[in-house]
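Inspection log for the structure reproduced underneath, given as structure tokens.
Each value in this text was obtained by applying a stated rule to the coordinates, not by laboratory testing. Just so you know, these numbers come straight off a predicted model, no measurement behind them. Here Cβ is always computed from backbone atoms with ideal geometry, including for glycine, and neighbour counts include all displayed protein chains.
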Amino acid sequence: MGHVIGFISAKTVYLSGRLEGKVHCSALEILEGGCFMGDLITGALTIEQGGRFIGQSMDQGNTPVLEHETKLEQLELKTDKR
């Protein structure tokens with residue numbers, strides 16, 4: 001699984017790895033085995049059984065986000081090599 005540290009702004013985020021930082025999106029789906037740690041601004045949050053959310057969330061309201069999807073399992077900015 002990938003490990004991302006940073007800021008992500010996207011329409012929809014699917015998280016199957018680990019993400020630490022800030023996310024601004026219309027929808028965040030934390031899949032089984034996914035872990036989010038940080039600050040979230042979103043309109044919809046889904047956490048599958050086995051997913052984890054550690055942090056704080058705020059409602060997106062009318063704040064616009066980018067018009068594309070980011071699949072985090074394909075975006076590996078940092079990978080743990082243990």
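List of remarks:
- Put a dot 7 Å past the Cα of Q49, heading toward its Cβ, do the same for F7, and the two dots end up 3.8 nm apart.
- Loop-located GluC sites (Glu not before Pro) in the stretch 1-45 (DSSP state other than H, G, I, E, B) with a sparse environment of at most 15 neighbouring Cβ atoms within 10 Å: E32.
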